[in-house]
């Protein structure tokens, strides 16, 4: 579900403002049984005239014309189509009373049809804006309670109508609107921790995950809408419930043949925007909107017999709350449904097994096909089909139809308004982009003076954007035009209250209440406002009316503030008698009774609360506090320990337990921390000398891992600050996160005095103000980690990387230990030289320990590999593997790149009429040019549709999604470039494989795409990726790791060609041409493409001056500067005065024709202990043709061939007549030069630089030779 945007209005404001003309989630408008598509409506002149008036914003005239057509029973108006359109226009004009009448007529014209269901949904929205007239209420009651068997569409219509009007009072004896159609309680029977999408995919392939048996948490479901709270867990939840099906008395309405058991038909309604798998008898319903476009609301026709019917659901949970709708409607009169559940959230005793056979389960089609068959160009029917798609949750198809219509009629207010509302509801458009797009549509819609609802919605958006005064003025104008409706003063009151104007808000709420005296939302707001201002006398009658009407909690808040405990407890009892599945109320009753000294009944209420609470840690903590306050130490201690078992990673719980019990151990199990004073004394006595500004005297690290993947870390460090610069560096600490507890943070002076850290108001850091050179710092923390840091496929765990010291960070005493849970199949990944492993057992758990003394700090050398290779490190994990990470990332990529209309439209617009390779090329370059990269390639949680709308995010997800939208199934890999840490890790260390690479099979071979930058060429593999190891995400059937091709046609060399002429006075002039291959041109294009011509010219001139000291640029041209698939070509003309220097009878030229300067660009220090890392390839060829003055010449220089580690160089000089030609070519391949080869590489670089920069001496015809 889309998260609420900042500044949006609360409560009924959201429901009225964002839900008017939207599909109500709980209303569940449905479909009728399969039927043949209806023929397009007859295009009579009167019908076309009405539609033309609608598109030209003659709303009143269009409505009257449609109503006249309906009265004449025109063919275009069958099933109430014209009435539905007229009702929409009345809504847009904010004529809600007329809309009520018109929409009710549309709903009753052909009950059960697509039009009737759409009309009922719109009628539900109108009744939120204006109270139902008595005739309307009576007609709704008559239709919703009419007897007789029903079709699926009629049954759903009656259900929707029953929910339109709430009961008159809380004690109304009419049936609850939900009736027996929606389960009141779900029983949690199992939970599988791990990556939810991977687990669901395994279940889909017939490999159900192992579920831990639990029947503890319950989920109330009023109106068929389930609120699922994962309580911080991540995995697959299995929900189960049971319903007893009772046949009609005497089999009425069913005439079975003799000897055949009774069976009846039911309509199953499922509402979910997330994946789920439903099992009903022997039938399975799979709902995977991440894999294919599916309606969020789906209908199924079920035939089942009498008895007990069990329903089971597999639902993925991703930390946050989610909603799931479920209903079961009997289609045969008299059929009874009784949901089976205990009052305490557990299965009822003696619950029978499945006894009701499910004979068939059939998916029903949607409504839109009956309203506008495929290819239909009947525009009113297209509009109704868009609304039908909308009600079914197919917002992408609704938007496509609305955009087609708005393209034909851009000024039509109704179409612009509907587009604005669709944008606000569509999860594929993220906030705040949705508000910006909606604002644009609403401004166009509000240009029509009759479109009052568009102006109203525009005012609410303005209020959310902190333009309250403008919004209030718009609502005042609406109030002057239509003074009968409560809507205008009510929302003025909300805006005034948000703007901090309580007195005007009270006046406006009272004005709204005078127009609709029994509106519960106005009563609620006004009562709450009085309560916040402390006016209990004014709030009491309002809260009392709310209590009588719908048992509002505002009444409880008022009684609590007034201190009327007895009356408050009676109200709680009344709520619990009505609905006993409310753990919060049971807990409040327990507090009241325990405070009065009634221990036994208080503890009974507390047990009811705990039975319903399940594993909710917040409620359990409050219950434990309550027991502590009541002096019940034993039960409180047991509840605290239950909390500790539930959240063993919670450092604050351990601290509280240590304070409360005294004897309980605060530190993790198996921890053996050292004594700070003793360690400092040993360090001083050792005389250990290091050349470092600070020394880590003690680095103690103990990590306890738990079976659910959580962990608790104890980190104890003592730092010796040796210099003033180190004191400045270590004098400020960032406070730990919410899951951490600081046990100690202070300065220790050499004489033993201790100074605590200080927290200064307004600063984000913690200060050590007394820290000076020679002091010690002690830092002792407990850090809890709730979930694993990687998207592991199973319930595994992976420890953070633990390093042995660090660059320029010596360690005197290094201690690392891990306590692993019983039965964990652990693995230890060691990199570098680490101390020996000590292993022992604590009961069934395993303790691993490593200890090192006097760890010298490695020193970084020029061009050394990444720090991860230089510093020894280790990682411990269990149930974690590269295969599991691959499955998890593949599932996330599949979900992020799911097909949507936004993606399909964008891909079609990018490709146009192109196909094959050209289409893929356009998509790749569009992504690189228009999507600003954010995050890492493996961060795949944001949908690609959001990335496209925001124009920033994960380029890999956007590229794959657009390719999938065009029908391709690309191969996707995360490569490890040659300059990344070359670690052969057995465990999935984060960040090792991060370079996204996409391969697309094509007729002429594989097309390679690396969405790495704005100007990266298509079908190109850079040298640092050729031959690289890669983690293969798609396809999932192959090996986990693959190798990228070692050769690729994109490996071209950079060419520099100079045509120069040397004057007799030593001046130089000429032209040059540089050709940079597409694969190497990206950084140059990054710099040059966004600059004005003058700055580009200065850059080229500066590079010329570097080789020709007196160069003056005369002309420069760029070719293919913004064409990333072509080489970048730079042509220039320049002159350099006094380039040559006369030394006697010789003319000396500096000879620096774009020297390579290897010694500067690839510095090599000797002696060397670390490999020399060359991260990318250098492949350059230079050819200089120099025309000499008459009579001057130079010796030919025979070919020079130099070779070194990973490198080659050639040089040649020859003269024909007065034309001197110099040729040189350099190749440096990416890779690592071993330390023992570093001297050879340094010697190679120096020889190249000498040849490349030696002066060129010319002699005349007097016989003297040039050197």
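Data table
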{"item": "Whole-number D in µm²/s for the stretch 883-1043 (Stokes-Einstein; Kirkwood sum over Cα pairs; 10 °C, 1.306 mPa s)", "result": "101"}
{"item": "Computed over the stretch 764-881, the ratio Rg/Rh where both radii use C-alpha atoms and Rh is Kirkwood", "result": "1.02"}
{"item": "Cα-derived Rg to Rh of the stretch 1054-1259, Kirkwood definition", "result": "0.99"}
{"item": "With 5 Å bins from 0: P(r) over the stretch 351-405, alpha-carbon pairs, percent", "result": "4, 20, 23, 15, 7, 5, 7, 6, 6, 4, 2, 0"}
{"item": "Contour minus Cα-Cα distance for residue 1137 and residue 1122 (0.36 nm per residue)", "result": "2.0 nm"}
{"item": "Radius ratio Rg over Rh of the stretch 60-143, counting only Cα atoms, Kirkwood formula for Rh", "result": "0.94"}
{"item": "Principal-axis tilt of helix 617-629 within the chain, Cα atoms, nearest 10 degrees", "result": "70"}
{"item": "Stretch gain in nm, segment residue 1227-residue 853, where the contour uses 0.36 nm per residue and the Cα spacing is subtracted", "result": "130.1 nm"}
{"item": "FRET efficiency for residue 770 and residue 645, using Cβ-Cβ distance with R0 set to 56 Å, rounded to 0.05", "result": "0.85"}
{"item": "Order of 902, 433 under a 10 Å beta carbon neighbour criterion, fewest first", "result": "433, 902"}
{"item": "Residue 1073-residue 979 FRET efficiency (beta carbon distance; Förster radius 41 Å; 0.05 resolution)", "result": "0.85"}
{"item": "Options (1) 0.99; (2) 1.04; (3) 1.33 - which one matches Rg/Rh (Cα atoms, Kirkwood Rh) as calculated here", "result": "(2)"}
{"item": "Ranked list, fewest to most other Cβ atoms within 10 Å of each Cβ, for 1241, 1119", "result": "1119, 1241"}
{"item": "Rounded tilt (10° steps) of 468-481 against the dominant C-alpha axis of the chain", "result": "30"}
{"item": "Distance (nanometres) between label positions extended 7 Å along Cα→Cβ at residue 1129 and residue 1002", "result": "2.3"}
{"item": "Label-point gap, in nm, between residue 553 and residue 763 - each point 7 angstrom along Cα→Cβ", "result": "4.1"}
{"item": "Whole-angstrom gap from the stretch 927-976 to the stretch 486-500, using each part's C-alpha centre", "result": "42"}
{"item": "Range of Cα positions in the stretch 676-880 per principal axis (Å), largest first", "result": "48, 41, 37"}
{"item": "Inter-label distance, nm, simple model (7 Å from Cα along the C-beta direction), residue 137/residue 1105", "result": "8.8"}
{"item": "Helical contribution to [θ] at 222 nm, DSSP H n ≥ 4, -39,500 (n - 2.57), averaged over the chain, rounded to 500", "result": "-11000 deg cm²/dmol"}
{"item": "Theoretical gain in end-to-end length, residue 837 to residue 1250 [0.36 nm per residue, Cα-Cα removed]", "result": "143.5 nm"}
{"item": "Estimated FRET transfer efficiency when R0 is 45 angstrom, pair residue 807-residue 1052 (beta carbons, to 0.05)", "result": "0.75"}
{"item": "Residue order, fewest to most surrounding Cβ atoms within 10 angstrom, among 700, 141, 724", "result": "724, 141, 700"}
{"item": "Per-selection metrics, the stretch 582-646 (Cα): Rg and Dmax in Å", "result": "10.5, 31"}
{"item": "Degrees between helix 1093-1107 axis and first principal axis of the chain (Cα, 0 to 90, nearest 10)", "result": "30"}
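The numbers here are math on the coordinates, done by the rules we state, and not lab data. On a predicted model such as this, the values are computed, not experimentally measured, just so you know. Please note: Cβ atoms are built from the backbone with ideal geometry, for glycine as well, and neighbour counts cover all protein chains shown.
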